[in-house]
1. Where the centre of each part is set by its Cα atoms, how far does region 203-217 sit from region 59-126, in angstrom?
2. Taking 7 Å along the Cα-to-C-beta vector as the label spot, tell me the residue 211-residue 156 distance in nanometres, rounded to one decimal.
3. Any chance you could run the full-extension gain for residue 163 through residue 145? It's 0.36 nm times the residue separation minus the Cα-Cα distance, nm to one decimal.
4. What 222 nm value per residue comes from the helices of the chain, counting each DSSP H run with n ≥ 4 as -39,500 (n - 2.57) and dividing by all residues, nearest 500 deg cm²/dmol?
5. Between residue 18 and residue 252, 0.36 nm times their residue separation minus their Cα-Cα distance comes to what?
6. Quick check: from the Cα gyration tensor, does region 86-173 come out rounded (a/c under 1.5), prolate or oblate?
7. Please turn the phi angles of region 176-191 into ³J(HN,Hα) values with the Karplus equation 6.51 cos²θ - 1.76 cosθ + 1.60 (θ = phi - 60°), one per residue in order, whole Hz, x for glycine and proline.
8. From the backbone phi of region 197-211, what are the Karplus-calculated ³J(HN,Hα) couplings (6.51 cos²θ - 1.76 cosθ + 1.60, θ = phi - 60°) in whole Hz, Gly and Pro given as x?
Amino acid sequence: MKIILANSYNELSRKAADIIEELVSSNGNAVLGLATGSTPVGTYRELIKRYLEHSLDFSGVTTFNLDEYIGLRASNHDSYNYFMNYNLFDHININKDNTHVPDGMTNDPRTYGRLYDRMIENAGGIDLQILGIGSNGHVAFNEPAEELNLGTDLVKLSKKTIEDNSRFFESKENVPTEAISMGIGSIMKARRILLLASGEGKAEAIGQVLNSGKVTTWLPASLLLLHPDVTLICDQEAFSLVDRRIMAGAIV
Ligand code: PGA
């Protein structure tokens, strides 16, 4: 894992946008894996700025999002479908037919998930997957557990995730308890992964992933250590519990 340290959230967002811009400029038909949550919002804002300032061209880009809440329609303001339109797609020249967010209204998540993974394969696979990390070490909605889903499938949200995400909802009771999420296998197939972590709320998870020298499904983000091309962009707060003696060589 390569590590890029940023001095602020804005710098983290600019550095993440630099990597996405480099890919999209060199491959107009790039396939991006996208994430929701607070962390990538600044990166999306940067991409919009670059589209407006120097016409960064998304017209041939295809995107696949990681996850969606079960029971929320795309038109629901709390859905990740809505989030993506609001925070990115409505403001750049992407062809909406080429954007994909899992359908939270599916009544057969297993079959739907297999189709979603097939669609990713048919698009040529993901060139660059953007990921956040949960305070409990989850990636997408793959929560710490004895076993993790390989492909896109139904997941039950952990108590911690429901608590963490309640800030986006009117109350904790309004947070859906299930989601459809890319599995750890779907994520690991991406050719390159960009993991973003900001703020002290992520320090424990990042510290555990980088310090322990172990991988475990009880810390899903640790499985990313098995991937050959992961770049972590991290601010100082999120990096504060990492043993710098161990990781010094990884910081670029
Ligand atoms: P956040 O969520 O960006 O809102 O902190 C990240 C995640 O849960 O993966």
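The numbers here are math on the coordinates, done by the rules we state, and not lab data. On a predicted model such as this, the values are computed, not experimentally measured, just so you know. Cβ placement follows ideal geometry from the backbone for every residue including glycine, while neighbour counts extend to all protein chains displayed.
1. For region 203-217 versus region 59-126, the Cα centre distance is 29 Å.
2. Output for this residue pair reads 3.1 nm.
3. Extra length from residue 163 to residue 145 when fully extended: 4.7 nm.
4. Working: 8 runs with 79 residues, N = 252.
Per the formula, -9000 deg cm²/dmol.
5. On the way: separation 234, 0.36 × 234 = 84.24 nm, distance 1.49 nm.
Gain in length upon complete extension: 82.8 nm.
6. Values: a/c = 1.72, a/b = 1.26, b/c = 1.37.
Oblate, because a/c is 1.5 or more while a/b does not exceed b/c.
7. Once θ is set to phi - 60°, the couplings for region 176-191 become x, 9, 9, 8, 10, 9, 3, x, 5, x, 4, 5, 5, 6, 4, 5 Hz.
8. Working through the residues one at a time gives 9, 9, x, 5, x, 9, 4, 5, 4, 5, x, 4, 4, 8, 8 Hz.
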